[in-house]
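A.B. asks: This is the structure, below, for whatever I ask next.
The values are calculated or read from the model by the stated rules, or taken from the named source; none is laboratory data. All figures in this text were calculated on a predicted structure; none of them were measured in a lab. Every residue, glycine among them, receives a Cβ derived from its backbone with ideal geometry; neighbour counts consider all protein chains shown. The area values use the complete protein model at the heavy-atom level, side chains included, leaving out ligands, DNA and RNA. Shrake-Rupley method; radii C 1.70, N 1.55, O 1.52, S 1.80 Å.
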Amino acid sequence: MRFLLSLLLSTALALPPFVHAQNLPDLGESSQAEFSPHAERELGQSIMSRIRRDPAYIDDPEVAAYISGIGQRLAAATPETAGIDFHFFAVRDPNINAFALPGGYIGVHSGLVTAAMTESEFASVLAHEIAHVSQRHIARQLQAQSQIGALSMIGMVIAMLAASSNPQVAEAAAVAGSAAPVAAFLNYSREFEREADRLGYQILRAADFDVHAMPSFFERLQRSTRLYENNAPGYLRTHPLTTERIADMQHRTREERPARMQPDSRTFQIVRAKLRAEQGDASDAAAFFREALADRRYADRGAARYGYVVALLRMGDVATARAQWLELRKAADSHPMYETVGARVYLAAGEPEEAVRVLQRAVKKHPHNDLVRVAYADVLQQAHRHQEAVSLLSTLRSERPGEPRFYQMLAKSYAGLGQRVEQHRALAEYYYLTGSLPGAIQQLELAQSAKDADFYTLSAVDARLRQLRAQQLQEMKERQR
Ligand SMILES: [Zn+2]
């Protein structure tokens, strides 16, 4: 709720007068009734660059990799998504919700993950959102309302997001823009919902998840709605679950073979425990896991203990966290996330060298696991071993040049080593990859004036700067057209 509120305040309220200044794409006249995939993508990108700066955006590589993995597996399971570049991300919000933005961006509330009992339940909601995107429901909904200008379209998308978790915010948006179109856009049409249910089901099935999870999760959500009365979880307000919809889903599963037992990925339970441990009051979260362990109420014992360790760290109870982590380590079922949390325990205890040792061993055990390698680079930095961090991060960067995080971390190590020109160059690429061209240019200008550059480095900086300035000019021209 807080997440969408601040997104709204930073974007929607500032919209009409400053649209170009804020770098929003020009969507053209809506009377042309053509909301192209390109315009959709640009709109999505501009919303996303705000989301990334929001404190509720979950900038946790382990959570991000998990959610993205499930999302991509679903998207790859159907030809309907061909040509769409999907991006999945998570925001910290206890409301059960997921939402699709224009351009293939799909956001998941942490509350959705913690409310799902199984991976297939979680996947069933994602599959539904993927179906909305693949059928271009947002664009079609926008086109259907051709009388409204491009600016109010943006406002509506933002308002839709905000409304999905807070009705009062929707009212604020309605005041800021014009009320009628906002109200009209809050929900997809029934026809679109039916289509997303049908295709979502096929996607879930093709990706080899348990299709029975779809009606059972939605039914459980509907049952819990009665307790909420007018304050239903966000997903239910944007996706009113009629008995008819659930009956349709059940009807579909009846034609399936009896429930195939899907072994849940342990990562689902561990990611879920992490999000639960980071939600709400820290000592409440710790108590939740302590009691679950004592009463043996858990889907996965290791995951429950892992959640306990994370909550204890949040509380600052490092001694108990360490004892629990040693317990977790004794268990036979090792997992990379158990190792990374171990490093966090030692960092919190003020023993960075021990944290380095934990992850050194982990990298040997999981040499191809990027998450462990990134965590290792992080502890090297915290132990002020910047030279080693730079060498590891440079390898990671050459393997995945499109990943902004590596540049951000490299900048930190270069700063630690006092290499100013490299620090600004790395930051420039970070800004570039996260969609801030002016930020990238500024960093390159700083790199130019740094005193520690040799001739070759300086010419590389100059060349890159010329390239980005040309791109900026081009984009400005396109916007004026
Ligand atoms: Zn829907």
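A.B. asks: Residue-wise, which Karplus ³J(HN,Hα) couplings in Hz belong to the range 313-327, taking 6.51 cos²θ - 1.76 cosθ + 1.60, θ = phi - 60°, and x for glycine or proline?
C.D. replies: 5, 4, 6, x, 8, 5, 4, 5, 4, 5, 4, 5, 5, 4, 5
A.B. asks: Take the alpha carbon atoms of the range 372-408, find their center, do the same for the range 422-481, and report the distance between the two centers in whole angstrom.
C.D. replies: 22 Å
A.B. asks: Here's another thing I want to ask about it. Compute the length gained on full extension between HIS87 and GLN474: take 0.36 nm times their separation in residues and subtract their Cα-Cα distance, giving the result in nm to one decimal.
C.D. replies: 136.7 nm
A.B. asks: Give the share of C-alpha pairs in each 5 angstrom bin for the range 370-454, from 0 to the last occupied bin, in whole percents, shortest bins first.
C.D. replies: All Cα pairs considered, the percentages come to 3, 18, 25, 24, 18, 10, 2, 0.
A.B. asks: Also, I was wondering about something else. Could you give the length gained by full extension between ARG53 and SER189, i.e. 0.36 nm per residue of separation minus their alpha carbon distance, to one decimal place?
C.D. replies: 45.8 nm
A.B. asks: Carbon and sulfur together cover what percent of the accessible area of the range 32-124 at a 1.4 Å probe radius?
C.D. replies: Carbon-and-sulfur percentage of accessible area, whole number: 53.
A.B. asks: Output the relative contact order of the range 382-481, whole-number percent, from Cα pairs under 8 angstrom with separation of 6+ residues.
C.D. replies: 20 percent
A.B. asks: How far apart, in nanometres, would the label points at ALA206 and ALA287 be if each is projected 7 angstrom from Cα along the Cα-to-Cβ direction?
C.D. replies: A separation of 4.8 nm, rounded to one decimal place.
A.B. asks: Next up: Each label point is 7 Å from the Cα along the Cα-to-Cβ direction; what then is the distance between the points at ALA463 and LYS451, in nm?
C.D. replies: 2.8 nm
A.B. asks: In this model, which of LYS412/LYS451; LYS274/LYS365; LYS330/LYS364 are farther than 20 Å apart at the alpha-carbon?
C.D. replies: LYS274/LYS365
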